[in-house]
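Written out below as structure tokens is the structure these notes cover.
The values are calculated or read from the model by the stated rules, or taken from the named source; none is laboratory data. Since we're looking at a predicted model, the values are computed, not measured. Backbone-built Cβ (ideal geometry, glycine too); neighbour counts: all protein chains shown.
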Amino acid sequence: MKYTVKNLLILSLFASIAYSACKKETTPADKKSDAKIAGQIAMNLYKSLSGSDGGANIQNGLNVYSVNKKNNKLAVNSFYVGECGLMMDTTFSFDVSRGDSITTLSNRMKFVSLCKTATLLRGYTFDDSIKIIGKTPTFGFTRLATQHFAVYGIDSAYTQFSLNGSSGFTTSDYPLNGSKAVKYNLFSTDYVMKGVKFNTGRDPKVVNPNIYEGIAEFSGKHVYDGGSPSYNVDKYTGTVEFLGNWKVKITYNGTAYTVDLNTGIVI
């Protein structure tokens, strides 16, 4: 079985930057309603689990690192983790120029493939930190994604898995050169996942991979330019319950919201 881990990793991250990072967020830089906060919490959670801005895509089971094909453009699918006991620990950074924008990416990844034991099926631990900093003539942006996962197989066919660990996702945009194109806007959420269970596309009974059980405790903040001399800061804490079919129940400030995890739309 042949694979070049570092090359595939760099290609995956490059594809992720090209598709999603080199643009300003569509989230308005103003105070959000609780429903909009719930939607953003769901979107950040989806990004931190799917690796859509770089990192591990848990939906691939033991095929850990992946960037899906988007907009009919080339992307790396995934690579197999290899024999149990395999360990990778790497750090790198590089710059990407795209038109009149410059993006710098830095990454630290550590991966350990875990062998089957008398009590546990195969799995892996994954620790990843990706920082993307970009600048255009009118605005700059930062994206930070962290993942600290322990994943184990539930069934011997390795179509279902359990996950415990933590993740985080931060996005910020800020104006440059006196531009009014964007206002300062930062949205950050950290998650602690407990008892999360999911299946993958390898199961012939499953049409789409799905997270069907577990919770995530979260804390975060929204920092934005509301027109006052100093930035406004809204903080929040709560829980996410995975309901299956890519739906979650997000509870905070005494209210529960059912949200589509893929779109961030409150149902």
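Yes or no, residue by residue, for (1) at pLDDT 85 or above; (2) surrounded by fewer than 20 Cβ atoms within 10 Å (Cβ to Cβ); (3) part of a helix (DSSP H, G or I):
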site	(1), (2), (3)
Leu9	no, no, yes
Phe14	no, yes, yes
Ala18	no, yes, yes
Ala29	no, no, no
Met88	no, yes, no
Phe92	no, yes, no
Leu105	yes, no, no
Phe111	yes, no, no
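Residue-wise test of (1) at pLDDT 90 or above; (2) within 18 Å of the chain's Cα centre (by Cα); (3) among the aliphatic types (A, V, I, L, M); (4) over 16 Å from Lys32 (Cα atoms).
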site	(1), (2), (3), (4)
Lys205	no, no, no, yes
Asn208	no, no, no, yes
Glu217	yes, yes, no, yes
Lys221	yes, yes, no, no
Gly227	no, no, no, no
Tyr231	no, no, no, no
Thr237	yes, no, no, no
Glu241	yes, yes, no, yes
Ile250	yes, yes, yes, no
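Put simply, of Val182, Val151 the only residue that is in contact with an Asp or Glu (Cβ under 9 Å, 6 or more places away or on another chain), of a type in the set (A, V, I, L, M) and either closer than 21 Å to Thr239 by Cβ or surrounded by 14 or more Cβ atoms within 10 Å (Cβ to Cβ) (or both) is Val182.
Selection of region 239-248 for residues being part of a strand (DSSP E or B), in contact (Cβ under 8 Å) with a residue 24 or more places away in the chain and either under 18 Å from His222 (Cβ atoms) or not hydrophobic (A, V, I, L, M, F, W, C) (or both) yields Thr239, Val240, Glu241, Gly244.
Residues are listed down the side, and each one gets a yes or a no for (1) among the hydroxyl-bearing types (Ser, Thr, Tyr); (2) modelled with pLDDT of 75 or more; (3) within 26 Å of Ile211 (Cα to Cα):
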position	(1), (2), (3)
Tyr46	yes, yes, yes
Cys115	no, yes, yes
Arg122	no, yes, yes
Gly134	no, yes, no
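Counting only strands (runs of 3 or more DSSP E) that sit wholly inside region 116-199, not one has at least 1 residues that are among the acidic types (Asp, Glu), farther than 24 Å from Ile250 by Cβ and more than 22 Å from the chain's Cα centre (by Cα). Tell me, yes or no, whether region 67-86 has at least one residue that is among the aliphatic types (A, V, I, L, M), at pLDDT 75 or above and either buried (at least 17 other Cβ atoms within 10 Å of the Cβ) or out of contact with any His (no Cβ under 6 Å at 6 or more places or on another chain) (or both). Yes, region 67-86 has at least one match.
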